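All remarks here apply to the structure that follows.
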Amino acid sequence: MIKNLFRRKSVFSPSPVGLVLSYMALGAWAIVVLFPLYWLLVTSFKLPLDVNTGPYYLPFVDFQPSLHAWKYILVGDLSRDTTRNYINTAIVAPVSAALALLLGTGAAYGLTRFQYRPRIGAILVFIGCLVLVIVAINLGVPWQIAIAAGIALFILLLQTVGKRFKRSLANNDIAFWLISQRMLPPVAVVIPIYVLFQRLSLLDTRTALIITYLAVNLPIVVWLMRDYFQTIPVELEECAAIDGASRYRIFWSIVLPLSVPGLIATFLFVLVFAWNEYLLALFLSGARSQTLPLTVAAQNATRGPQWWYMSVLILIMIIPVIAIAIALERYIARGLLIGAIKG
């Protein structure tokens, strides 16, 4: 009888004791993961006195719930800032994520199915001409003239100096260079980005945030979708090409439908990064284009850690993302697993 409790029915089926221990471990881990969300929820219904004299865990048992914090955030003194910043976040994050997915998917497919051999000489010449154009603009040269002169100089040097460097890069080198841009800490480039948008008169606009988030998250899309495209058999595309399908038709009608799980998983990743981004928004936005993370930080900085108000703001921030993740859970799980299994 005791031996049966520890005996496994098959390789993939645990014993009764193992099953109970597994569920206990998973239940304990679920409590650890979900308790912060529960604490945010109950704190949002507490009065300041309940928060300061607690901790209280159970509504109607330890404390009497109140809508004081919700009224202050949604219809009270902070409602105007909350609504404006929520709209900014709801526009900037999805738009930048969608643009990053659109551009990054095409780049990832190109790195997967085409072979690129850019010469190091051509790359160095391009970087040098770009630096000269930037310096010329800063010295007062009209940007139209500076760009035209830079293009002409690039073409001239490419035919002379550029051909002296025979070594070239491969697709893997390009992919690694892309993801290395994401490894760079944002604080290292935030000042140049600020100066750039200041010169373009785009500070405190949604356009500046969208462009910046697009540039920051594009390498992630390229890296994830490149791994996913590598799991799609190239024979499917070859068969379609034999039947007369163009490269665009193959990509649109065959590759993209097969990549829906990867596209959804990647979009959600990028959306979360853009939704929660703080540092770049702090430098590039003002009163008009502030996002929700800045609202939470401002509430904490001006009046101290008033957890009852901050809990409401944080819940408002995370509920849409959690709802999207739950609705698309099966696509996300499949996209992550298939993109990770190769060979």
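What to note about this one:
- When the range 199-212 is filtered for residues that are under 19 Å from Thr291 (Cα atoms) and not in a loop (DSSP other than H, G, I, E, B), the ones remaining, listed by number, are Arg206, Thr207, Ala208, Leu209, Ile210, Ile211, Thr212.
- Qualifying residue in the range 100-108 (condition: within 21 Å of Ala281 (Cα to Cα), in contact (Cβ under 8 Å) with a residue 40 or more places away in the chain and either out of contact with any strand residue (DSSP E or B) (no Cβ under 8 Å at 6 or more places or on another chain) or in a helix (DSSP H, G or I) (or both)): yes
- Residue in the range 197-220 that is modelled with pLDDT under 85, surrounded by 15 or more Cβ atoms within 10 Å (Cβ to Cβ) and under 34 Å from the mean Cα position of the chain (by Cα) present: no
- Ile137 vs. criteria assigned to a helix (DSSP H, G or I), touching a helix residue (DSSP H, G or I) at 6+ places or on another chain (Cβ under 8 Å) and outside the structural domain of Ala215 (by TED's automatic domain parsing): yes
- Among the numbered conditions (1) free of Cβ contacts under 8 Å to residues at least 12 places away in the same chain; (2) not in a loop (DSSP other than H, G, I, E, B), the only one that Pro55 does not meet is (2).
- Top-ranked residue of the range 111-130 - restricted to ones that are of a type outside the set (Ser, Thr, Tyr), crowded, with 17+ Cβ neighbours inside 10 Å and under 30 Å from Ile264 (Cβ atoms), ranked as nearest to the chain's Cα centre (by Cα): Leu111
- Here Ala122 clears all of (1) under 16 Å from Trp177 (Cβ atoms); (2) in the same structural domain as Leu157 (by TED's automatic domain parsing); (3) out of contact with any helix residue (DSSP H, G or I) (no Cβ under 8 Å at 6 or more places or on another chain) except the condition numbered (3).
- If the condition is being surrounded by 14 or more Cβ atoms within 10 Å (Cβ to Cβ) and not in a loop (DSSP other than H, G, I, E, B), then the range 182-195 contributes Arg182, Pro186, Val190, Ile193, Tyr194.
Condition check ((1) in the same structural domain as Met317 (by TED's automatic domain parsing); (2) surrounded by fewer than 12 Cβ atoms within 10 Å (Cβ to Cβ); (3) modelled with pLDDT under 85) across all residues:
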{"site": "Thr43", "(1), (2), (3)": "no, no, no"}
{"site": "Lys46", "(1), (2), (3)": "no, no, no"}
{"site": "Asp50", "(1), (2), (3)": "no, no, yes"}
{"site": "Thr53", "(1), (2), (3)": "no, yes, yes"}
{"site": "Pro65", "(1), (2), (3)": "no, no, no"}
{"site": "Thr82", "(1), (2), (3)": "yes, no, yes"}
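- Condition check for Asp227: of a type in the set (D, E, K, R) and farther than 27 Å from Leu328 by Cβ: no
- Only a single item in (1) of a type in the set (A, V, I, L, M, F, W, C); (2) touching a strand residue (DSSP E or B) at 6+ places or on another chain (Cβ under 9 Å); (3) modelled with pLDDT of 85 or more; (4) surrounded by fewer than 15 Cβ atoms within 10 Å (Cβ to Cβ) is not met by Ala28, and it is number (2).
- Residue match in the range 119-133 (condition: of a type outside the set (A, V, I, L, M, F, W, C), part of a helix (DSSP H, G or I) and farther than 21 Å from Leu200 by Cα): yes
The values are calculated or read from the model by the stated rules, or taken from the named source; none is laboratory data. In this text the structure is predicted, and so the values were computed from the model without any measurement. As a convention, Cβ positions derive from the backbone with ideal geometry for all residues, glycine included, and neighbour counts pool all protein chains shown.
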